[in-house]
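J.: Quick one: this structure, given as structure tokens, is what I'll be asking you about.
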Amino acid sequence: MIQINPKLLTVDAFIAQYGDQDQYELIDGELIDVEPTGLHEQVIGFIARKLNVEIDRLDLPYIIPHRCLIRMSDDTAFRPDVIVLDRTQLMHEPLWQSQPVITSGAAVKLIAEVVSTNWQNDYARKVEDYALLGIPEYWISDYLGLGGREYIGKPKQPTLTICQLADDIYVKRQFRARDRLVSPLFPSLQLQASALFAAGQV
């Protein structure tokens, strides 16, 4: 994660200047380069594909947009790696018809972040902010085992953490190796953690 510009930005200025550039998000007014790698993108693609298969199979009114921002406040806008939106709720989003920007949690069913060098944001900052926004399910896919030991244990190893909202905090469950993922949103999803981690290999 690299701070690009010491000048603080508002979300409106960020969207106007960088809204169509996928590698940036805004945190507390600071422009952040999320530094995606090819392997990181492979994991994102794998998660989106598996979830899209479930959406189609169950004929759910959900979409996974390629590019989307979540406006958290006047100085913070996250760009989730994968976001599942309820199409029936998008009519309540004031910016959606003109920009791929979400302003509340009502339409968001699930967010997945794929961990890279900015793992502190995924495990700490976004856990708090997504919970406050009311996002019911949040996946932290740490396919390289980069997170701190307080988050993924010792010895560090590839870990998927699925957070389920209970009141206004997340209850977390971790999956490793051949564990079958348990998703509250997609309870019949047949997927082992190891398959997700393998997606981040050449």
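Laboratory data are not the source of any read-out in this text; all were calculated from the coordinates shown. A quick note: this is a predicted structure, and the numbers were derived from the prediction, not measured. Positions of Cβ are generated from backbone atoms using ideal geometry, with glycine treated the same way; all protein chains shown enter the neighbour counts.
J.: Go through Thr10, Val82, Phe46 and say which Cα lies farthest out towards the positive end of the charge dipole of the chain; charges sit on Cβ, +1 for Lys and Arg, -1 for Asp and Glu.
T.: The residue sitting farthest along the positive end of the dipole is Phe46.
J.: Right, next: In square nanometres, what is one fourth of the surface area of the convex hull spanned by the alpha carbons of the chain? Before the final figure, lay out each step's value.
T.: Details: hull surface 44.2 nm².
Value for the chain: 11.0 nm².
J.: Under 1.5 on a/c is rounded, so check that first for the range 51-116, then, if it is not, pick prolate when a/b is larger than b/c and oblate when it is not; a ≥ b ≥ c are the square roots of the alpha carbon gyration tensor eigenvalues.
T.: Here the range 51-116 falls in the oblate category.
J.: Could you state the per residue volume, in Å³, of the convex hull enclosing the Cα atoms of the range 1-94? Walk me through the intermediate numbers first.
T.: Working: hull volume 8.7 nm³, N = 94.
In the range 1-94, the Cα convex hull volume per residue is 93 Å³.
J.: Among the listed pairs Lys50/Lys172; Lys50/Lys109; Lys50/Lys154; Lys126/Lys156, which are separated by more than 24 Å between their Cα atoms?
T.: Flagged as over cut-off: Lys50/Lys154.
J.: Follow-up question, since we're still on this one. Just rank His92, His40, His66, fewest to most, by other beta-carbon atoms within 10 angstrom. Present the calculation step by step, with values, prior to reporting the outcome.
T.: Numbers: His92 11, His40 20, His66 8.
Ordered from fewest to most neighbouring Cβ atoms within 10 Å, His92, His40, His66 come out as His66, His92, His40.
J.: If you rank Met91, Met72 by fewest surrounding Cβ atoms within 10 Å, what's the result?
T.: Details: Met91 10, Met72 22.
Ascending Cβ contact count within 10 Å gives the list Met91, Met72.
J.: Per residue and in cubic angstrom, what volume does the convex hull of the Cα atoms of the range 122-197 have? Can you show the working numbers first?
T.: Details: hull volume 5.9 nm³, N = 76.
Convex hull volume per residue, Cα atoms: 77 Å³.
J.: By count of other Cβ within 10 Å, fewest leading, how are Thr88, Thr76, Thr161, Thr117 ordered?
T.: Thr88, Thr117, Thr76, Thr161
J.: Enumerate the residues in the range 13-34 having an amide nitrogen under 11 Å from the point lying 7 Å beyond the Cα of Gln99 toward its Cβ.
T.: 13-20
J.: So what's the gap between the Cα centers of the range 70-120 and the range 121-160, to the nearest angstrom?
T.: For the range 70-120 versus the range 121-160, the Cα centre distance is 17 Å.
J.: Calculate one ³J(HN,Hα) per residue across the range 101-117 by plugging θ = phi - 60° into the Karplus curve 6.51 cos²θ - 1.76 cosθ + 1.60, and present them in order as whole Hz with x for glycine and proline.
T.: Once rounded to whole Hz, the list reads 10, 9, 10, 9, x, 4, 8, 8, 9, 7, 10, 10, 10, 9, 5, 9, 5.
J.: Let me ask you something else. Kindly list the residues of the range 149-186 that lie in the label zone of Ala124, defined by a backbone N under 14 Å from the point 7 Å along the Cα-to-C-beta vector.
T.: 149-152
J.: What FRET efficiency do you get for Leu58 and Ala195 if R0 is 30 Å and r is their Cβ-Cβ distance, rounded to the nearest 0.05?
T.: Here the calculated transfer efficiency is 0.90.
J.: Any idea how far apart Asp33 and Lys7 come out in nm if each label point goes 7 Å out from Cα toward Cβ?
T.: 1.8 nm
J.: Okay, next question. Dipole of the chain, Cα-centred, from +1 at each Lys and Arg C-beta and -1 at each Asp and Glu C-beta, to the nearest 20 debye?
T.: 860 debye
J.: Is any residue of the range 149-164 close enough, with backbone N under 16 Å, to a label point placed 7 angstrom from the Cα of Arg180 along the Cα-Cβ axis, and if so, which?
T.: Under cut-off, by backbone N: nothing.
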